[in-house]
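Please read the structure below before turning to the comments.
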Protein chains: 2
Amino acid sequence: MVSDASPAPAKNPVTLREVAATAGVSVATASKALNGQGRMTAETRERIRETAQRLGFRPNSLAQSLLRRRSFTVGLLTNDTYGRFSLPVMSGISDALVDKGVSVFLCNVEDDQRLGQLHVDAMLDKRVDGIIATGKRIDRHLPVDLSNLGVPVIYAFTQPDPGAIAFVSDDAGGARLAVEHFWRLGRRRIAHVSGPASFAVVHARAQAYRDVLTEKGLPVMEPLLGSWSEAWGHEAVKTLFDGRLSKRGGETPDAVFCGNDQIARGVIDALRERGLGVPGDVGVIGFDNWQIVAEATRPPLTSVDMNLAALGREAGLTLLSLVGGEPAEPGIRKLPCRLVVRQSCGRPPDG
Amino acid sequence: MVSDASPAPAKNPVTLREVAATAGVSVATASKALNGQGRMTAETRERIRETAQRLGFRPNSLAQSLLRRRSFTVGLLTNDTYGRFSLPVMSGISDALVDKGVSVFLCNVEDDQRLGQLHVDAMLDKRVDGIIATGKRIDRHLPVDLSNLGVPVIYAFTQPDPGAIAFVSDDAGGARLAVEHFWRLGRRRIAHVSGPASFAVVHARAQAYRDVLTEKGLPVMEPLLGSWSEAWGHEAVKTLFDGRLSKRGGETPDAVFCGNDQIARGVIDALRERGLGVPGDVGVIGFDNWQIVAEATRPPLTSVDMNLAALGREAGLTLLSLVGGEPAEPGIRKLPCRLVVRQSCGRPPDG
DNA sequence: GTGATTAGAGAAAACCTTTTCCCAACCAAG
DNA sequence: CTTGGTTGGGAAAAGGTTTTCTCTAATCAC
């Protein structure tokens, strides 16, 4: 009782063998005592447990993994250097796995095939139980070959191999949420400004936009495609609100559904510069719910959230069940988005 | 040559024992052949190598780690959920380590002590060779106790324990870069708008700002402290450019050095709304060089970059040398910032 | 032809834990 | 006193690799 009440100074970790020796039993008995296996006197079991506790024993995962052929480790591959999309996914995965004692190797492969191979090899050498691939867009494949790896693979927010299991956001559903929200608020001349035509999500969202308008019997303005930037938002406002267009629809829009939050920001700023009020004259909805942008616009931006953390959580849990040997249907699972309402759309007319 | 030209179908990985058996030697010889150890005929060595290659043999890292007492794995702890600062650091660390075959466990501990302990325990169980702690500000400690862990610990962009090794950005140096840049451009009435007084970096940068002004014999305006938001940038412009202040300095500023890029963005927008030109009437410099913000301002923002990737790289390399048993001086190492010049300051008068 | 090296390769221990099998002792029933 | 079952616990193998030590046969000097 002089000094050593602390759990473990731990220069080199204490092994099961030392615990067993200290408790006066064999390693086999010690192991069983600590794992609740085998048969022995309650007294023996307790004595061993107490000894382990006192010595600060922690089982060596490497030895366990070697034996169980399970490392309680998964690899996460991404090419999203800035983590704008990957980080929430990562966070969800980690949340889902930490309670089960599973750790995550994070590997940024950029868009470099060599780097990708390097990381995948390292993961396999380290005997990861599975791999999750994630990225910054769902219509591009990571620069790595993940087929026939011998471990389960899950794709999250990136393009999967055919026949694989993937989780992606339901972009069409998200777009519907936005447009239907406008509808419920009484907006009737709804425009859509989005990113480059080279992105699959641009088409998915645009199609959903058209579908909703058609269902409601509203006029469909052809979506304006450009880039993901604020500057494009500015420019699009010019196109939408300058005379040329009003010839077609007769009137200018009273709502703009934007393909991402940066475009939405540009749109809001441009509208203000023209003297148009948001949400008074025009409602605006963004996409991504990137907090740092959505809360900095004036007024704060209503935006579609892709629930990426939930997506990551699903991906993590599914991977785990795969690792556990349970079967799972291949295919692409679309997870619903949700609308985060702030102040850029106004209140319902009857509210 | 019918089907099996591919490297490895790898349902269960091929072991060294199988390679040895196939090549007709003992495992000992096989091991030595593949590692370039021991003595044997060149012919034998080559035959074993070729066999391993053909079978797609990859040594089991778990077994190697167990034996070498080195896992070639490090843990990265962060509480920066959005990764704005952690991700570049992480990227630098990973870059520095991947070539040496070291993988990184990423753990987000939020600000949750329980979660922190959980992750640290998991890391130690998995026998990481070392741990790097990183965060979102350098004057707050992570919610974990990293002393006496038995493995080397490095702090990067977070507050270290006393006596530990830490890498942080040289905020004072970064601020000097900004203010001296203004000076070289002929700006003489330089203001400083920064974040909350509760941040240590705010004081470090403010003091450097004062020092440079004093050195140059310029008037020192007391720094304006507020929040890290665009809104505060707007507000600060009011304070700076409304009559009240001009009584003191006689004139309004011709340059504003901002504590981060978001404030700078607010300042630029507010200046434009007042009809003041950037950089014509007023130059603006931000801090953080957050690309997505700095390139979206009009004009694009000159900003101080903290070189976080380089910081991560240094941290990674230092950790590795520590793991290798080399000694290292404890203490805080400040790494230089650099100024990324865009268009918000104008050109030199003689340019 | 003798003794001393050396080249080439294998046996076995070590790393740490889990699990299967086994043994000794004890007890009750026949 | 045997048979059979149970209880408490240990011995040993397994997992895959590295490394040290040992052994045999061949080469070399004399």
Once you place label points 7 Å from the Cα toward the Cβ at B:Q113 and B:S147, how far apart are they in nm? 1.5 nm
The rounded separation in angstrom of the Cα centers of the stretch B:251-307 and the stretch B:179-225 is 15 Å
Please compute the net charge surrounding A:P253, taking Lys and Arg as +1 and Asp and Glu as -1 over other residues with Cβ under 9 Å from its Cβ. 0
The stretch B:171-306, relative contact order in percent, only Cα pairs under 8 angstrom and at least six apart counted: 26 percent
Let me test this: with uniform point scatterers at the alpha carbons of the protein assembly as shown, what is the Debye-based log₁₀ I(q)/I(0) at q = 0.08 1/Å? -0.76
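For A:I165, what is the net charge nearby, where nearby means another residue's Cβ is under 11 Å from its Cβ and Lys, Arg count +1, Asp, Glu -1? Spell out each step's value before the answer.
Details: positive: A:R333; negative: A:D161, A:E314, A:E329.
It works out to a net charge of -2.
Beyond 14 Å, what percent of the Cα pairs of the stretch B:180-232 remain?
Working: 721 of 1378 pairs.
That tail contains 52 percent of the Cα-Cα pairs.
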Inter-part distance where the stretch A:73-131 and the stretch B:57-123 are each reduced to a Cα centre, Å: 11 Å
Express the C-alpha Rg of chain B as a ratio against the empirical globular expectation 2.2 N^0.38 Å, rounded to two decimals. 1.34
Relative contact order, percent, the stretch A:141-197 [alpha-carbon distance under 8 Å, six or more residues apart]: 20 percent
Return a whole-number percent for the relative contact order of chain A, with Cα pairs under 8 Å and 6 or more residues apart as the contact set. 17 percent
Between chains B and A, total accessible area buried, probe 1.4 Å, no ligands or nucleic acids, nearest 100 Å², roughly 4500 Å²
So, in nm and shortest first, the distances from B:N35 to its counterparts in the other copies, with label points 7 Å along Cα→Cβ, work out as 2.8
Which of B:A23, B:A310, B:A294 moves the most in a Gaussian network model of chain B with Cα springs under 10 Å? B:A23
Taking 23 Å as the cut-off for C-alpha to C-alpha distance, list the pairs among B:K32/B:K100; A:K100/A:K334; B:K100/B:K334 that go past it. A:K100/A:K334; B:K100/B:K334
Per residue, what accessible area does chain A have, given a 1.4 Å probe and all protein chains present, in Å²? 45 Å²
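Can you tell me the equivalent ellipsoid semi-axes for the stretch B:213-351? Use √(5λ) from the Cα gyration tensor, largest first, whole Å. Intermediate results must be reported in sequence, preceding the final value.
Numbers: eigenvalues 252, 58, 43 Å².
The answer is 36, 17, 15 Å, longest axis first.
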Compute the label-point distances linking B:P299 to its equivalents in the other copies; points lie 7 Å from Cα along Cα→Cβ; give nm, one decimal, shortest first. 3.6
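Count the DSSP beta bridges whose two residues both fall in the protein assembly as shown, then state the antiparallel fraction as a percent rounded to the nearest 5.
Working: 7 of 77 bridges.
Taking every DSSP beta bridge with both residues in the protein assembly as shown, the antiparallel ones total about 10 percent.
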Between copies, how far does the label point of B:L67 sit from its twins, in nm, shortest first, when each point is 7 Å from Cα along Cα→Cβ? 1.9
What is the gain in length, in nm to one decimal, between A:K238 and A:M40 on full extension, counting 0.36 nm per residue of separation less the C-alpha to C-alpha distance? 63.1 nm
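Quick check on chain B: helices-only [θ] at 222 nm, where DSSP H runs of length 4 and up contribute -39,500 (n - 2.57) each and the sum goes over total residues. Nearest 500, please. Mind showing how you got there, number by number?
Numbers: 13 runs with 148 residues, N = 351.
Taken over chain B, the calculation gives -13000 deg cm²/dmol.
The values are calculated or read from the model by the stated rules, or taken from the named source; none is laboratory data. Source: prediction; values computed, not measured. Neighbour counts run over all protein chains shown; Cβ positions are idealised from the backbone, glycine included. In case anyone asks, the SASA skips ligands and DNA or RNA and just uses the protein heavy atoms, side chains included. Shrake-Rupley method; radii C 1.70, N 1.55, O 1.52, S 1.80 Å.
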